[in-house]
Number of protein chains: 2
Amino acid sequence: MQSPRCETSVERWGLYELRLQGPTHGNPFTEVRFGASFTLGHRAVDVDGFYDGDGVYCVRFSPDTEGTWACTTRSDAASLDGHTASFRCSVPSAGNHGPVRVAHTYHFQYEDGTPYRQIGTTCYAWVHQGPGLEEQTLATLRTAPFNKLRMCVFPKHYRYNENEPELFPFARQADGSWDWDRFDPAFWRHLEGRVADLLSLGIEADLILFHPYDRWGFATMDAETDDRYLRYAVARLAAYRNVWWSMANEYDLMTAKSTADWDRFFRIVQQADPYHHPRSIHTCRGFYDHSKPWVTHASVQHWDLSRALEWREAYGKPVINDECQYEGNIPNQWGNIPARELVHRFWLGTVGGMYVGHGETYLHPDEILWWSKGGVLHGESPARLAFLRQVLEEGPVEGLEPQGRRVAGQAGRYYLHYTGVHQPAEWSFELPEGQHYRAELLDPWEMTVTPLADDLSGEFTVRLPGKPYQAVRLLRI
Amino acid sequence: MQSPRCETSVERWGLYELRLQGPTHGNPFTEVRFGASFTLGHRAVDVDGFYDGDGVYCVRFSPDTEGTWACTTRSDAASLDGHTASFRCSVPSAGNHGPVRVAHTYHFQYEDGTPYRQIGTTCYAWVHQGPGLEEQTLATLRTAPFNKLRMCVFPKHYRYNENEPELFPFARQADGSWDWDRFDPAFWRHLEGRVADLLSLGIEADLILFHPYDRWGFATMDAETDDRYLRYAVARLAAYRNVWWSMANEYDLMTAKSTADWDRFFRIVQQADPYHHPRSIHTCRGFYDHSKPWVTHASVQHWDLSRALEWREAYGKPVINDECQYEGNIPNQWGNIPARELVHRFWLGTVGGMYVGHGETYLHPDEILWWSKGGVLHGESPARLAFLRQVLEEGPVEGLEPQGRRVAGQAGRYYLHYTGVHQPAEWSFELPEGQHYRAELLDPWEMTVTPLADDLSGEFTVRLPGKPYQAVRLLRI
């Protein structure tokens with residue numbers, strides 16, 4: 001037996017990795033089964049490993065409990081079977097709150113109970129752009145307001161996205177065609193590195209496992225290849241605590257797949273992922289039935305930000321409108337709304353009962369549009385989304401629940417009203433009997449908070465600036 | 001027999017009036033039947049007359065054909081029966097195009113074939129405000145862009161509408177209560193005068209026959225009184241060529257009435273009105289079934305200006321969104337959208353396949369809000385609606401038919417594209433094969449028309465300013 005390479009201490013929700021030398025003959029990707037069981041007391045967690053090339057087999061584990069974990073490998077290859085190791089799981093470092101979970105039915109929190117207020121963005125193909133642009137993207141994200149990023153595993157072929165990436169998930173055969181039975185570990189190590197980069201920035205990586213924008217054949221693989229790809233992805237990536245699984249972007253444009261395929265994909269991911277990261281699927285037109293048990297939250301593409309209640313009721317889960325059209329000026333109507341309109345939509349979604357996602361699509365001489373390639377942000381919305389995120393993080397820990405038309409909060413404690421396109425110069429409120437509140441005017445575009453009144457109760461009227469897109473926050477005193 | 005007072009020449013679609021002295025005993029409103037038959041050649045049109053007080057019985061007629069018309073009265077009162085008269089119907093004067101008719105299924109034109117492009121406004125209670133304010137309203141309308149005005153017969157009781165009018169449709173009894181069997185001719189003469197004032201300004205009077213905003217009992221009259229009121233209104237007003245009949249404003253808020261009542265009202269008006277003026281009914285929430293045969297066009301209240309196709313399909317008639325929320329700043333959300341938003345909604349409705357109505361509700365120290373009382377306009381939308389009206393009047397005579405998403409026109413001849421909230425910096429079009437067009441950029445807010453290209457064909461892309469709320473007009477050359 002070889003001595004496993006392992007760290008002896010891993011923080012809670014960190015990543016423990018065990019690497020072993022094993023067989024190199026035949027096809028290690030398909031012919032060798034490898035995994036490990038991680039135990040703490042009487043609890044055991046079985047985890048799939050994966051082949052990482054060059055004779056190296058790897059298994060990763062993210063411990064959710066402090067203490068000393070033991071590990072025993074299992075394999076049908078004798079040289080990989082029955083290795084043991086142990087490591088200590090220590091307290092999480094500052095900023096490590098664990099993976100994101102659904103909480104209070106329609107909201108999210110980290111596993112340590114810290115609320116998670118999703119302000120997402122999209123850089124679909126950012127990991128396929130090479131080091132220069134990718135590092136620039138990370139530098140941009142460092143000061144951006146986003147805490148989730150939607151990104152594709154497969155490269156993207158689409159308008160403004162014609163460049164050939166350097167690395168691909170699958171290996172090539174001698175004739176240049178794909179070897180569907182072998183992955184390219186270099187691609188996956190690169191992808192994982194980027195997921196880890198996002199983790200260090202506190203950003204959830206919403207990994208899009210399939211998508212229709214394809215010229216290489218990844219959108220039309222056979223079922224066996226699809227399933228093996230999914231298991232490989234989950235084995236490699238599930239131990240990163242910031243991973244989310246998005247089965248697809250615009251799944252309904254992938255005509256080669258049936259609903260039964262998507263159901264199967266969900267079940268494979270659900271069964272293989274020991275940590276139960278958030279799982280959803282993003283659509284172009286008709287929605288997938290998000291009420292299915294393996295879906296943790298509804299991932300929606302819709303321009304109408306007032307429909308959260310309908311979807312909450314239909315699915316009984318958090319709703320994220322991951323694509324409500326992007327700030328930009330390209331000809332496509334999904335990519336040319338003004339910053340003010342996007343900020344408006346974030347606020348509408350917020351008071352309507354859902355979370356919203358950002359994207360940016362300004363024409364660029366070198367076709368570097370944030371929405372797909374990353375780079376730098378040109379728009380005016382991100383600063384305003386930082387303001388919104390701050391407002392949300394100062395809000396009730398249970399999240400904002402719809403309380404009527406364009407008002408959300410927690411009844412009897414906190415109300416956030418939003419005027420939308422309306423411009424009342426006077427606004428009347430009726431507060432619960434016997435309660436006292438203080439009122440503030442929030443300007444989502446100017447990013448200002450102005451006191452309106454210190455002590456209000458019952459029915460009252462406040463004067464407002466008579467301009468649209470204003471909010472009033474009522475805080476119980 | 002008395003000699004009838006009559007004019008001997010009336011222009012086509014003008015108003016001929018015959019007045020006779022008759023019985024004054026009993027109740028002339030309910031006990032005397034009076035009318036006339038107007039004949040031209042072998043054609044006869046039977047018209048109801050009405051009692052105008054002080055022993056005077058009147059019948060009005062609006063001739064639609066030039067020539068010499070003969071008139072014979074009929075009555076169960078001997079002194080009113082069998083009078084004859086004749087008059088010459090002459091050519092219409094400049095600006096007199098006849099009553100408005102539905103044309104090309106979803107549009108309107110005057111009876112002489114001139115297109116009518118509805119740009120409506122609302123001054124619900126303007127005729128109940130007294131001469132000073134009413135004259136000011138007319139002065140405002142003289143230079144305003146509106147060619148239809150929604151106005152109530154009954155006075156209005158509502159927020160910002162608390163003043164008691166001087167005149168009422170019904171007479172009072174000695175104890176101050178209403179005499180439901182007697183009308184007050186002074187009220188009706190005043191109302192008719194205002195309808196005639198609008199006619200002289202080229203404005204259609206969309207007369208609202210019932211409404212729920214009531215403290216006097218007019219919203220809860222019994223069926224017999226309702227019906228008598230309707231017949232009296234039609235007998236008095238139908239001969240004004242600019243009259244439209246709106247059975248109600250927000251009819252569904254009038255809980256004392258059933259759908260059967262509204263159906264009956266429509267039939268009474270349809271049967272009594274020899275000219276078949278436009279007929280509709282305006283709703284608050286659920287729509288009346290505008291596909292019923294007595295409805296000429298759908299009168300809609302809705303903030304969503306993108307739904308014309310749905311309503312066109314449902315009803316097969318023109319759609320007027322008479323209330324898409326008003327420019328203003330009052331607390332009520334139906335009355336506090338910015339001018340830009342209202343102009344945007346007009347354009348959205350236009351390219352979506354409907355006509356739209358304006359209203360204005362700015363807070364005013366004396367509660368004089370245009371939407372109800374008239375007065376002066378404070379807003380920024382009317383100038384822009386004049387621009388839109390000009391664009392429409394320069395468009396195809398058949399009207400603008402939806403041609404896709406936010407584009408309307410006549411296929412192969414004229415296309416009007418509107419960006420809405422979108423801000424493309426480039427826009428691509430595909431023109432019908434072999435056709436050449438010139439393109440203009442229209443800015444609905446700045447009210448400018450800028451040439452974009454002189455001769456375009458096939459597929460092409462134009463540069464746009466990258467700001468929202470722009471339009472591109474393509475004209476075949």
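Numbers below:
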| quantity | calculated |
| --- | --- |
| Computed magnitude of the charge dipole of the protein assembly as shown (debye, nearest 20; Cβ of K, R +1, Cβ of D, E -1) | 140 |
| Shielding score for B:324-332, defined as the mean number of other chain Cβ atoms within 10 Å | 4 |
| Span from the region B:132-181 Cα centroid across to the region B:49-78 one, whole angstrom | 27 |
| Cα-only Debye scattering, region B:112-160: base-10 log of I(q)/I(0) at q = 0.19, 0.32 Å⁻¹ | -0.72, -1.24 |
| Crossing angle, helix B:339-352 versus chain B [Cα axis fit, 0-90 degrees, rounded to tens] | 90 |
| Considering only region A:152-311, percent of DSSP beta bridges that pair antiparallel, nearest 5 | 35 |
| Rounded to whole Hz, the Karplus (6.51, -1.76, 1.60) HN-Hα couplings of region A:304-319, x for glycine and proline | 8, 8, 9, 9, 4, 4, 4, 6, 4, 5, 5, 10, x, 9, x, 10 |
| Angle between chain B longest axis and helix B:223-237 axis [Cα atoms, degrees, rounded to 10] | 80 |
| Overall form of region A:81-129 per C-alpha gyration tensor (a/c, 1.5; a/b vs b/c) | oblate |
| Region B:465-473 - phi-based ³J(HN,Hα) in whole Hz, Karplus 6.51/-1.76/1.60, Gly and Pro as x | x, x, 10, x, 6, 10, 10, 10, 10 |
| Neighbour-limited loop hits for GluC sites (Glu not before Pro), region B:145-222 (at most 14 other Cβ within 10 Å; DSSP other than H, G, I, E, B) | B:Glu162, B:Glu166 |
| Mean projection area, nm², convex hull over Cα of chain B | 23.9 |
| For A:Trp178, distant residues with modelled amide H under 5 Å away | A:Gln173 |
| Rounded if a/c under 1.5, otherwise prolate or oblate - region A:380-468, Cα gyration tensor axes | oblate |
| Kirkwood estimate for region B:51-97, i.e. one over the average of 1/r between Cα atoms, Å | 12.8 |
| 222 nm mean residue ellipticity, helices alone, for the protein assembly as shown (DSSP H n ≥ 4; -39,500 (n - 2.57); rounded to 500) | -6500 deg cm²/dmol |
| Within chain A: Cβ-based charge dipole about Cα centre, in debye rounded to nearest 20 (Lys, Arg +1; Asp, Glu -1) | 560 |
| Kirkwood hydrodynamic radius (C-alpha pairs) into Stokes-Einstein, region A:358-429, 20 °C and 1.002 mPa s, D in µm²/s | 141 |
| Footprinting exposure proxy for B:Met354, B:Met254, A:Met447, B:Met151 (fewest neighbouring C-beta atoms within 10 Å first) | A:Met447, B:Met254, B:Met151, B:Met354 |
| Gyration tensor (alpha-carbon) shape descriptor, region B:261-410, a/c threshold 1.5 | oblate |
| Nearest 10 degrees, 0 to 90: helix B:259-272 Cα axis against chain B principal axis | 70 |
| Radius 14 Å from Cβ of B:Tyr469, net charge of other residues (Lys, Arg +1; Asp, Glu -1) | +1 |
| Residues A:Val47, A:Val56 arranged by fewest to most Cβ contacts within 10 Å | A:Val56, A:Val47 |
| Filtered GluC sites (Glu not before Pro), region B:332-441: DSSP coil and at most 15 other beta carbons within 10 Å | B:Glu367, B:Glu380, B:Glu394, B:Glu433 |
| In order through region A:113-125: 3J(HN,Hα) via Karplus (6.51 cos²θ - 1.76 cosθ + 1.60), integer Hz, x for Gly, Pro | x, 5, x, 10, 9, 5, 10, x, 9, 10, 9, 3, 10 |
| Cα-based Kirkwood hydrodynamic radius, region A:307-382, one decimal, Å | 13.1 |
| 10 Å binning of all Cα-Cα separations within region A:142-227, expressed as whole percents from 0 upward | 15, 43, 32, 9, 1 |
| Three principal axis lengths of region B:174-280 [C-alpha, angstrom, descending] | 37, 35, 23 |
| Calculated label separations, A:Glu433, copies of the chain, 7 Å along the beta-carbon direction, nm | 7.5 |
| Cα point-scatterer Debye curve for the protein assembly as shown, base-10 log of I(q)/I(0) at q = 0.05, 0.08, 0.10 Å⁻¹ | -0.42, -0.86, -1.15 |
| Pseudo-label separations to other copies for B:Thr255 - Cα-to-Cβ vector, 7 Å, nm | 5.5 |
| Residue mean of other protein chain beta carbons inside 10 Å, A:466-472 | 2 |
| Relative exposure of A:Phe108, A:Phe265, judged by other C-beta atoms within 10 Å (fewest first) | A:Phe108, A:Phe265 |
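Read the figures in this text as sums done on the coordinates, not as results from a lab. What you see is a predicted model, and the numbers here were worked out from it, not measured in a lab. Note: ideal-geometry Cβ built from the backbone for every residue, glycine included; neighbour counts use all protein chains shown.
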